[in-house]
Amino acid sequence: MGDIRIEKLDTKDAKLLSEVALHSYSDHYLHLWYDEGKWYKEKYFSTERLTKEISDPNTQFYLAYYDNEPVGFLKLNINTPLEGFETKNALELERIYLNKEVTGKGIGRKLVELAINVAEQNNKNIIWLKAMDTSEGSIAFYQKRGFSITGTYRLKHNLMKEELRGMVIMVKEL
């Protein structure tokens with residue numbers, strides 16, 4: 001097994017984060033889109049957008065390295081309530097994306113452990129996320145880590161294929 005390292009990012013890292021995000025997203029999600037994700041990638045993974053998001057005090061980004069190569073990232077929203085859990089102090093795990101060639105190497109597990117640690121350090125009662133309802137592997141991965149499906153959600157992106165817009169909402173109580 002290779003060496004896994006995770007580093008918290010700041011605005012100077014936005015360009016590298018953009019490159020990693022574009023690679024990892026393209027490895028897994030282009031099939032969801034009529035335009036192969038062009039619109040989504042331009043909107044959400046530009047250096048400018050990521051610089052702004054990294055600057056948000058409610059948001060934390062972490063970059064995952066495998067054998068000193070950047071291979072994925074984690075995005076957390078520290079104070080983000082979940083509908084139906086308003087009485088809980090919640091952290092959202094918004095994104096874990098990994099390059100296809102490193103899936104199954106323990107990096108995702110380490111990123112989830114980090115997310116749980118950040119939630120505990122911030123006195124959160126729950127950590128929650130949304131996963132594509134067609135991503136059976138991802139759902140099983142989160143369930144193995146103590147997350148339960150608590151609801152569903154539909155994305156509204158017009159360029160996304162209608163039949164692939166479904167998501168599940170998953171929660172882990174801390």
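Every number in this text was worked out from the coordinates using simple rules, so none of it is lab data. Computed from a predicted model, the values in this text were never measured in an experiment. Heads up, the Cβs are rebuilt from the backbone with ideal geometry, glycines too, and the neighbour counts pull from every protein chain shown.
Once the piece of chain linking Thr152 and Lys110 is laid out straight, how much longer is it, given 0.36 nm per residue of separation minus the C-alpha distance between them?
Working it through step by step, the gained length comes to 12.5 nm.
With labels modelled as points extended 7 Å from the Cα through the Cβ direction, what inter-label distance (nm, one decimal) is found for Ser55 paired with Ser26?
2.7
Which entries of Lys88/Lys172; Lys41/Lys100; Lys88/Lys130; Lys12/Lys130 show an alpha-carbon separation above 22 angstrom in the structure shown?
Lys12/Lys130
Could you please state, rounded to a whole Å, how far the C-alpha centre of region 115-174 is from the C-alpha centre of region 30-102?
That distance is 13 Å.
Each residue of region 123-131 in turn: what ³J(HN,Hα) in whole Hz from Karplus with 6.51, -1.76, 1.60 and θ = phi - 60°, glycine and Pro shown as x?
So the Karplus estimates, Gly and Pro as x, are 6, 8, 8, 9, 10, 9, 7, 10, 10 Hz.
For region 31-125, which GluC sites (Glu not before Pro) are both in a DSSP coil and crowded by at most 16 other Cβ atoms within 10 Å?
Filter output for region 31-125: Glu36, Glu83, Glu86.
Note the listed values (1) 18.0; (2) 16.1; (3) 16.6, then indicate which one is Kirkwood radius over Cα pairs in Å calculated from this particular structure.
(3)
What's the extension gain from Leu16 to Glu83 if we count 0.36 nm per residue and subtract their Cα-Cα distance?
Here the segment from Leu16 to Glu83 would lengthen by 20.8 nm.
Quick check for you: which residues of region 135-174 have the amide N under 20 Å from the point 7 Å beyond the Cα of Lys38 toward its beta carbon?
Residues 157-162 fall inside that zone.
Decide, for region 73-170, between rounded, prolate and oblate: order the square roots of the alpha carbon gyration tensor eigenvalues as a ≥ b ≥ c, take rounded if a/c falls under 1.5, and otherwise choose prolate if a/b is larger than b/c, else oblate.
oblate
How would you rank 153-166, 56-69, highest first, on the average number of other Cβ atoms within 10 Å across their residues?
Ranking the peptides 153-166, 56-69 by packing returns 56-69, 153-166.
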